[in-house]
1. Once neighbouring chains are kept in place and the probe is 1.4 Å, which whole percent of the accessible area of the range 147-277 is contributed by carbon and sulfur?
2. Around residue 281, with a cut-off of 11 angstrom between Cβ atoms, what is the net charge of the other residues, counting Lys and Arg +1 and Asp and Glu -1?
3. Using 16 Å as the cut-off for backbone N distance, which residues of the range 284-324 belong to the label zone defined by a point 7 Å from the Cα of residue 110 along Cα→Cβ?
4. Using alpha-carbon pairs under 8 Å, 6+ residues apart, how would you state the relative contact order of the range 271-342 in percent?
5. Need the full-extension length gain, residue 278 to residue 247, defined as separation in residues times 0.36 nm minus the C-alpha distance. One decimal, nm.
6. Given Cα pairs under 8 Å that are at least 6 residues apart, what percent is the relative contact order of the range 147-277?
7. Give, in nm to one decimal, the length gained when the segment between residue 175 and residue 287 is fully stretched (0.36 nm per residue of separation minus the Cα-Cα distance).
8. Kindly list the residues of the range 36-50 that lie in the label zone of residue 302, defined by a backbone N under 15 Å from the point 7 Å along the Cα-to-C-beta vector.
Amino acid sequence: MQSPSRRHFTLGLAAVSALAGAGGLAATLRPGLRAIVIGGGPAGAAAALSLRAANPAASVLLVERDPGRLSRAQEGIEGAAFTRPRARADLDALRQAGVGVVLDDVVGIDWASARLSLFSGRTLAFDRLLLAPGTSPRDEAIPGLDAVARHAWPAAWGSAREARRLAGQLAALPERGHVVLRLPAEISHPHAALTRAVDLARHLAAARPAARLTVLDGSATDDLASAFVRAVPNGVAAGVQWRTAADGGIVRAVDARRGLIETDAGGLRADVVNFVPALTAGAIASTAGLVDHSGWCPCDTAGRSSLRRDVLVLGDARKSALRTLAGALRSAEVATKGGLVG
């Protein structure tokens with residue numbers, strides 16, 4: 001990949017954050033300057049709104065591949081407990097604020113010419129760029145974990161379609177059914193993982209009290225297990241078997257067609273499996289050369305990439321990110337207040 005051209009491009013944005021009120025000083029984007037934010041999650045949307053508010057004469061464009069992330073939130077959506085946080089601003093709000101929105105996927109960045117390549121075949125030129133690439137599943141060498149298994153055992157980890165499928169499977173669970181929640185060894189979002197376990201346990205306690213929940217936690221500590229016990233009543237926790245790596249919680253092979261999971265502690269048969277994958281930074285972060293061997297984007301506290309010092313990264317893709325909604329919004333605040341000035 002070509003090195004960034006400082007003549008054509010200085011990556012970084014500094015603007016008043018909508019979250020910080022009047023506390024920050026904004027860098028001035030010259031009238032007509034083209035600023036693009038990649039990623040329409042909470043961090044990306046917040047950054048785009050901040051830039052536009054601070055620089056009304058500049059062009060601010062948000063690129064997001066999933067229209068559902070920017071759709072108006074609806075109450076009572078089945079499976080809503082298993083979806084990722086939406087941006088606080090929907091499509092209408094962004095456009096009313098003067099933020100342009102392109103519903104497409106960024107598949108490449110030409111740093112020398114300062115242009116984005118989109119899945120549709122279009123290209124977009126930019127003067128300033130901010131990346132909020134989110135996360136993607138990491139490939140895992142687990143025998144049997146193929147496309148069929150991933151469909152049958154939805155992760156529901158950022159996908160509304162998978163969330164609805166998981167909710168439907170839980171609704172059809174037999175009275176004495178068995179649900180398995182699999183958590184990977186590297187849990188990138190521990191708060192979300194704990195919330196998932198609590199949501200499943202509470203759902204079963206209310207809707208299927210005779211059903212069982214087994215949590216296969218591949219991590220080396222019992223931190224999540226202990227937090228789970230503190231988070232739910234004794235009666236709910238009693239119906240849950242939590243296996244850490246030391247207790248045989250690592251998955252070695254699967255057979256989704258037969259509902260079988262092979263672990264270090266032996267085999268399990270399940271009626272419903274919520275198979276949460278190991279995660280890495282979103283694909284565009286890797287394409288852009290912003291990830292290290294860990295699969296995440298190493299950055300300083302302001303979000304500057306350690307691999308490209310004139311690049312800013314927001315949200316969950318950062319290596320040291322606090323992967324919560326509050327953490328994502330905070331990253332937008334810090335970056336737009338203290339980011340690089342072109």
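1. The value for the range 147-277 is 51 percent carbon and sulfur by accessible area.
2. In short, +1.
3. Under 16 Å, as judged by backbone N against the label point of residue 110, lie 288 of the range 284-324.
4. Working: 94 pairs, mean separation 16.8, N = 72.
Reported relative contact order: 23 percent.
5. On the way: separation 31, 0.36 × 31 = 11.16 nm, distance 1.95 nm.
Length difference between fully extended and current span is 9.2 nm.
6. Working: 232 pairs, mean separation 43.1, N = 131.
Value for the range 147-277: 33 percent.
7. Once the chain is fully extended between residue 175 and residue 287, it gains 35.7 nm.
8. Answer for the range 36-50: none.
The values are calculated or read from the model by the stated rules, or taken from the named source; none is laboratory data. Not measured: the values here are computed from a predicted model. Don't worry about glycine lacking a Cβ; one is built from the backbone with ideal geometry, like all the others, and counts go over all protein chains shown. Note: accessible area is taken over every heavy atom of the protein model, side chains too, but ligands, DNA and RNA are not part of it. Shrake-Rupley method; radii C 1.70, N 1.55, O 1.52, S 1.80 Å.
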